[in-house]
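Here's the structure we're looking at; comments come further down.
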Ligand SMILES: [Fe+2]
């Protein structure tokens, strides 16, 4: 494609269980098929030729009572075992990413265990320069109504990323929860407009693309300023979709979905 300066492969909501026992509660999430399907992705990389691979959360499907720590009270040994299995699965995924030979970035989602995730991927969330772009990833949370919000520490990182003196490069921002469009299912799937995240992005002039997950059907929209909001469909469900995003110097030029099945 003419003018393409960077290609990104976006995989999200993998909900993998490999060392972790069982599978996701929702039967369409094929947790135990994910390692084999990542191997299939690996075989397509030469053809797809991404420069960067991004995963926007729910890498694993850690049981809720392990993610929220409640199992630690009722079954400390079972909790510890699940955390160790989660760390083993994150290590498996990290080794898969490293074996691709590409740049890669990951952030956690609501089904990830923060302790095990950071043990394997490090304490710092992404803030990296790749191919002349700055990639900034955030760790957002769900409130008691399961609506997304950005915790104070992450708001500070967000504000810092948009400050004029740090914004000489175009940015891609990563967050698990969707920014646009606004999606409501049983609960709110998107960040509230009052969060100021979309306003901050649109006023910044430097964020050209926001990548999200969480909303398994996926979504895509582009505003009048040419900012692309892309929520890739969940990799854990058939037909195992991934999204390829092409960039020129300052914007997204093409978005293509591919499937394994
Ligand atoms: Fe999620």
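Any read-out appearing in this document is the output of simple, stated calculations on the displayed coordinates, not a laboratory observation. For clarity, every value in this text was computed on a predicted model and none was experimentally measured. Every residue, glycine among them, receives a Cβ derived from its backbone with ideal geometry; neighbour counts consider all protein chains shown.
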Would you calculate, for the chain, the mean residue ellipticity at 222 nm contributed by helices, counting each DSSP H stretch of 4 or more residues as -39,500 (n - 2.57) and dividing by all residues, to the nearest 500? -8500 deg cm²/dmol
What number, in nm² with one decimal, is the all-direction average of the projected area of the convex hull of the alpha-carbon atoms of region 143-188? 4.2 nm²
In degrees, nearest 10, the alpha-carbon axis of helix 76-99 is tilted away from the dominant principal axis of the alpha carbons of the chain by 40 degrees
When 236, 221, 209 are ordered from fewest to most other Cβ atoms inside 10 Å of their Cβ, what list results? 221, 209, 236
If one compares the long axis through the Cα atoms of helix 34-48 with the longest principal axis of the Cα atoms of the chain, the angle in degrees, nearest 10, works out at 20 degrees
Report the relative contact order of region 6-259, percent, no decimals, based on alpha-carbon pairs under 8 angstrom and at least 6 residues apart. 21 percent
Potential extension, residue 18-residue 99 segment - 0.36 nm per residue separation minus Cα distance: 27.4 nm
Taking every alpha carbon pair in region 1-120 and sorting the distances into 10 angstrom bins from 0 up to the bin holding the longest one, the percent per bin comes out as 13, 44, 28, 11, 3, 1
Antiparallel DSSP bridges in the chain: what percent, to the nearest 5? 50 percent
For the chain, the longest principal axis of the Cα atoms and the Cα long axis of helix 152-162 enclose an angle in degrees, to the nearest 10, of 30 degrees
Return P(r) of region 6-259 (all Cα-Cα pairs; 5 Å bins starting at 0; whole %; ordered from short to long distances). 1, 6, 14, 19, 20, 18, 12, 7, 2, 1, 0
